[in-house]
Amino acid sequence: MSFSHTLINWAVAGGLWWGSHLIFCFQTSADDPRPSAAFAIAGSAYGSLAARLIRDSLHSYWHGGESYSKIGGETHESSRESPKFTLRSAHAKQAHELSKKMSFSGGLWIDSIVNVVDQLEKKRTKRASNLPLSNAHHRFLDAVADVRLRFAYELDPGDPTLYEILHFHIVSRSDSSVAAQVAAEMLAQKAITYALHDQAGLSAALTGAGAAINLLNIRLQHGPTASHDPLIKYDIQHLEQCLVKYATLHANAQNEGWWAKISDIRRKEIEDHAQMLSRIYDMIKKTVSRGASR
Amino acid sequence: MKSLRTWPLFRLAISGLVVRGSCWLLMFGAVFFAWVAPLLTPWQENPQILQPARAQAAWFYSWMALFTWLPFQASALGNRMRREGMLEHQYAGGFGRLSLCMQLGASIWIWMFIVVLLSVFCCLIFALPKRPDEAHMWLILVLQYAVVYMLTSAPLLMLALSLGTITHEIIAFLVPTGLLFIGFFGYSWLGPLFGGADSTLLKSLWIALPHYHLADLTPRLVFKMGPLPFDSFMTTSVILFVQGASINIISLCLFRTRS
């Protein structure tokens with residue numbers, strides 16, 4: 001092929017490339033600035049899996065690098081008191097007890113080896129230095145935990161633990177209370193919308209109920225006089241919808257037989273959480289009706 | 001030897017790929033991955049996510065094949081055929097450059113087509129919704145996805161092949177993969193920087209990036225959003241087609257037969 005032909009071909013190719021993009025200019029709807037997540041990982045089943053995998057490293061950042069700081073009370077106290085991981089810790093505690101039971105019941109030689117590996121893994125992340133962390137280091141750890149937390153929540157918006165931690169985090173860490181409130185409300189609305197979505201599961205419904213309770217908490221802070229607020233009615237309605245959704249899914253699960261396939265620990269965790277939420281719902285109803293009758 | 005007169009290079013390339021065996025691994029992997037990957041997720045708590053997760057895994061596998069196996073085989077094939085003098089031999093035997101390029105391209109496109117077919121198969125066999133109207137929408141969406149995927153991948157494989165004939169196979173593999181990567185992730189990463197800028201130059205630079213993210217219809221499958229509206233599907237297809245035509249012309253220019 002002669003040089004001029006090659007040149008013409010390159011020119012045609014370049015022209016076509018630009019031409020294809022000119023179509024964008026005639027399309028007003030095509031310039032949607034929202035970045036789309038590739039392969040739809042966030043919010044899908046794989047997002048849920050990834051969020052669970054991130055949780056452990058998130059937990060260790062939260063506790064200053066220690067992965068097992070709060071389990072069973074046998075290790076030394078963590079340098080920082082952190083009530084945020086209560087749900088996760090409860091779960092971990094159960095798992096720990098279960099593994100304890102399993103490892104001592106047999107008494108086989110293989111169990112002791114498993115124990116040694118387990119102990120070594122715990123010691124791997126145990127703090128040996130007594131020196132306190134500097135403020136800058138604390139800020140760094142907070143920032144890293146914050147990034148991981150937000151990322152994990154993006155991956156699995158239907159996880160109640162991640163949602164509650166993120167909510168607490170936003171409310172407690174923010175400088176201005178108004179901005180924090182707005183951010184927390186937006187997060188809660190997102191969680192409720194996600195919970196009432198068609199494909200939402202049991203955990204997502206509970207997350208939505210928790211979000212509605214958080215919203216009610218924010219609104220009822222100003223005292224029962226505010227209980228005539230139409231927003232409160234709206235939130236209570238959302239809370240009811242989420243709890244009803246949970247109840248329906250739970251009944252479905254038992255009828256269709258997939259409830260029994262969920263692991264025991266997870267099942268207990270879901271049921272305990274649902275019970276707690278419905279207790280809070282009763283309390284809120286009482287508070288609101290008292291405020292309304294006053 | 002009558003059969004070797006039509007498309008001899010195509011036959012040679014295909015049999016070369018078949019005896020290597022990694023193509024069988026690729027095909028087996030597509031079905032295996034679509035079957036096993038969803039079982040690793042916490043699907044027990046919400047069984048209705050299992051079927052979309054299968055479809056998602058199948059298409060994710062196709063894209064991963066386009067990021068790894070397919071372009072690498074294309075570049076290695078181009079490199080091998082030129083190095084061993086087969087292209088020069090066929091050229092001397094009276095086949096034109098266009099014919100040689102298309103024969104080699106077809107031998108790679110077949111595998112791409114099989115990967116797409118397996119993904120479509122996984123979507124329709126493992127994950128077809130039960131309600132008939134939803135199933136109809138699902139079918140249209142899967143076919144749309146297959147079309148845009150092929151419009152994206154065919155020219156990139158051709159580019160890998162042609163680059164393979166003029167340079168080392170690793171370089172020839174990295175260029176289309178990089179282009180695909182930019183097309184997928186560059187849009188959202190560079191969007192705030194370039195797309196939102198006031199300068200027309202930056203904006204046009206951003207528009208001139210490849211826009212392969214348009215071909216990623218996985219969210220529509222996973223969240224059961226239904227098929228793309230016909231007009232946006234046509235626009236997307238035209239954009240990808242014209243872009244692909246441009247890449248194909250460049251590939252033809254780059255294709256070299258002399259060893």
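The values are calculated or read from the model by the stated rules, or taken from the named source; none is laboratory data. Just so it is clear, the structure is predicted and the values come from calculations on it, not from any experiment. Glycine gets a Cβ as well: all are built from the backbone with ideal geometry, and neighbour counts include every protein chain shown.
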Filtered residue count, the range B:208-232, keeping only those that are in contact (Cβ under 8 Å) with a residue 12 or more places away in the chain, in a helix (DSSP H, G or I) and facing another protein chain (nearest Cβ under 7 Å): 3
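Of the residues B:PRO155, B:PRO176, only one is more than 14 Å from chain A (Cβ to nearest Cβ), touching a residue at least 24 places away in the same chain (Cβ under 8 Å) and of a type outside the set (A, V, I, L, M, F, W, C); which?
Going through B:PRO155, B:PRO176 in turn, the sole match is B:PRO176.
So which residues in the range B:11-43 are under 21 Å from B:PRO129 (Cβ atoms) and either buried (at least 18 other Cβ atoms within 10 Å of the Cβ) or under 21 Å from the mean Cα position of the chain (by Cα) (or both)? Can you show your working first?
The initial filter retains those residues of the range B:11-43 that are under 21 Å from B:PRO129 (Cβ atoms), namely B:31, B:34-35, B:37-39, B:41, B:43.
Selection gives B:VAL31, B:ALA34, B:ALA37, B:PRO38, B:THR41, B:TRP43.
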Filter pass, B:LEU157 being assigned to a helix (DSSP H, G or I), modelled with pLDDT of 95 or more and within 22 Å of B:LEU12 (Cα to Cα): yes
Any idea which of (1) within 8 Å of another protein chain (Cβ to nearest Cβ); (2) modelled with pLDDT of 70 or more is the one A:SER29 doesn't satisfy? (2)
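Residue under question is B:ALA37, and the condition is that it be within 30 Å of A:ALA260 (Cα to Cα), touching a Cys at 6+ places or on another chain (Cβ under 7 Å) and at pLDDT below 95; does it hold?
Numbers: within 30 Å of A:ALA260 (Cα to Cα): yes; touching a Cys at 6+ places or on another chain (Cβ under 7 Å): no; at pLDDT below 95: yes.
Criteria not met by B:ALA37.
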The one condition in (1) over 16 Å from the mean Cα position of the chain (by Cα); (2) without any contact (Cβ under 8 Å) to a residue 12 or more places away in the chain; (3) not in a loop (DSSP other than H, G, I, E, B) that B:GLY191 fails to fulfil: (2)
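Enumerate the helices (runs of 4 or more DSSP H) found wholly within the range B:1-110, keeping only those where 3 or more residues are within 14 Å of chain A (Cβ to nearest Cβ).
Numbers: elements: B:8-20, B:22-36, B:50-67, B:69-83, B:86-92.
Hits in the range B:1-110: B:22-36, B:50-67.
Quick check on B:TYR149: is it in a helix (DSSP H, G or I) and under 27 Å from A:ALA37 (Cβ atoms)? Talk me through it step by step, then tell me what you get.
Working: in a helix (DSSP H, G or I): yes; under 27 Å from A:ALA37 (Cβ atoms): yes.
Judged against the criteria, B:TYR149 is a match.
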When you go through B:THR167, B:THR257, B:THR200 one by one, which is the residue that is touching an Asp or Glu at 6+ places or on another chain (Cβ under 8 Å), within 29 Å of A:ASN9 (Cα to Cα), of a type in the set (S, T, N, Q) and surrounded by fewer than 21 Cβ atoms within 10 Å (Cβ to Cβ)? B:THR257
